[in-house]
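Just so it is clear, none of the values below were taken in a lab; they were calculated from the coordinates. Since the structure is predicted, the reported quantities are computational estimates derived from the model, not experimental observations. Reconstructed Cβ throughout: ideal geometry from the backbone, glycine too, with neighbour counts over all protein chains shown.
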Protein chains: 2
Amino acid sequence: MSLKYAVLAALLEGEASGYELSKVFDVSLANFWPATPQQLYRELERLAGDGLIEARTVPQERRPTKRMFSLTAAGREQLAAFAAEPTRRPTAVRDEFLIKMQAMDGVDPRAVRALVEERRAWALGKLARYERVRERLLDGRTEEEYLRDADRVGPYLTLLAGITFERDNARWCERVLTVLGERRAAAGPAGPAALG
Amino acid sequence: MSLKYAVLAALLEGEASGYELSKVFDVSLANFWPATPQQLYRELERLAGDGLIEARTVPQERRPTKRMFSLTAAGREQLAAFAAEPTRRPTAVRDEFLIKMQAMDGVDPRAVRALVEERRAWALGKLARYERVRERLLDGRTEEEYLRDADRVGPYLTLLAGITFERDNARWCERVLTVLGERRAAAGPAGPAALG
DNA sequence: CACACTTATTCAAATAGTTCAGTAGCCAGA
DNA sequence: TCTGGCTACTGAACTATTTGAATAAGTGTG
């Protein structure tokens, strides 16, 4: 149900095609509402049918024809109404990696280290992408200036949430690597006894 | 697919009934893999059918009969194998509230404040619950002692991730309230002009 | 010029997750 | 005694999400 509003919110940034939206949902919006291209195309169809967005066919040279979608007045209204309502569903995090971490005791510590290092690298990569988006939004201004003067602060604030999230992910990984190292040291140079 | 392993990981803590698991998935495990009671009962049935867990019927006085589930050797093995494999799916966060925040500009600031305050209270409540679980796990030891000496550190480390997450949520809310306050002040005592 | 990759979208099928309701006995408060 | 809530579970229907593939043209690399 919320994908609908996620799409409308994404279109606040301006007209976009399904393909462009799928890119947006892969970077910034993926932070709090991931969606595959298939989901987006279906949702765009539905929203257009309900008159919340309107489609414009744009033939291109050397590229397939695309359809650009933009918010209608009705779409803006429904989005604003949704955004003012109390939140129904609490945050849901689904993280396969943390299931593995929950079960880490009983797994070869080298395998665990590898997983944690991979996760750390991934978090740092995502953080770097977020930081680039941030620089683009700030466009030379300081954060303070931006938050005081900008027309829209929503996208910047949600981006900050994503930045904090990934930074913490990376830090958590570093903490785990330290803990694993200390436990190995404590267990003696022969390594831990328990692997089953 | 991962619900399977989340249930197996939850059973590492020892035998539990479907009902008890549904409580666990509502507090600590909800941190990274939420599941409704219905999902759990279905999954437990499947896992028992596959021989990864075994069921024991426990008749009770004054209470309905319950079925207690525990890991089999096969279940432990499959879980350990899963936990050693590279992570397939990145973290997926689904947060209706952040969609509302993305669209906050164009909504009555008083409504936004209310949402943010509600969210903050919710995060602090969850944080308090996590902290109680933490105290129980530590059982008088310091974190350093625990992480060095305990048999299993996985559940504690995932709990730490949850604590950081909720703490940051609360802090983010406070930041947003400050920003909103300063923007209102900057817009003048009459309040912001743009509401549509 | 073959190969892989990107833009741009659609279809079909499978899997996962949510919602609503129902059964059934017990306990506590008004 | 009625109401609501807790323990404990089950069933059916629904909605949402994921996966794989197909179409179709263009672009860059060796």
Fill in: Computed helical MRE - 222 nm, chain A, DSSP H runs ≥ 4 contributing -39500 (n - 2.57), nearest 500
-20000 deg cm²/dmol
Worksheet item: Can you work out the base-10 log of I(q)/I(0) for the stretch B:96-187 at q = 0.13, 0.21 1/Å, using the Debye formula on its C-alpha atoms alone?
Response: -0.57, -0.97
Worksheet item: Which residue, A:R171, A:R88, A:R110, has the most motion in a Gaussian network model of chain A that connects Cα atoms within less than 10 Å?
Response: A:R88
Item to complete: Could you tell me what percent of the DSSP beta bridges with both partners in chain A are antiparallel, to the nearest 5?
Response: 90
Item to complete: Give a quick list of trypsin sites (Lys or Arg not before Pro) in the stretch A:27-80 that DSSP marks as loop, anything other than H, G, I, E or B, with at most 12 other Cβ atoms within 10 Å.
Response: A:R62
Discussion item. Measuring from the axis that superposes chain A on chain B, report the chain A residue with the minimal C-beta distance, rounded to whole Å.
Written reply: A:V93, 3
Discussion item. Can you tell me how the stretch A:2-84 classifies by the Cα gyration tensor, rounded, prolate or oblate, using a/c under 1.5 as the rounded cut?
Written reply: oblate
Worksheet item: Put the label 7 Å from Cα along Cα→Cβ for A:K66; what are its distances to the other copies, in nanometres, shortest first?
Response: 5.6
Worksheet item: For chain B, what percent of Cα pairs sit more than 22 Å apart?
Response: 61
Response to the item:
Under a Gaussian network model of chain B whose springs join Cα atoms within less than 10 Å, the largest fluctuation of B:A80, B:A170, B:A55 belongs to B:A80
Worksheet item: Around B:D95, what is the net charge, scoring Lys/Arg as +1 and Asp/Glu as -1 over all other residues with Cβ under 10 Å from its Cβ?
Response: +3
Response to the item:
In this structure, among A:K126/B:K100; B:K23/B:K100; B:K23/B:K66, pairs with alpha-carbon gaps over 20 Å are A:K126/B:K100; B:K23/B:K100
Practice prompt. Taking each label point as 7 Å beyond Cα in the direction of the beta carbon, state the distances from A:R132 to the same residue in the other copies, shortest first, in nm.
Written response: 4.6
Worksheet item: Where does the charge balance sit around B:E131 when Lys and Arg score +1, Asp and Glu -1, over other residues with C-beta under 13 Å from its C-beta?
Response: +3
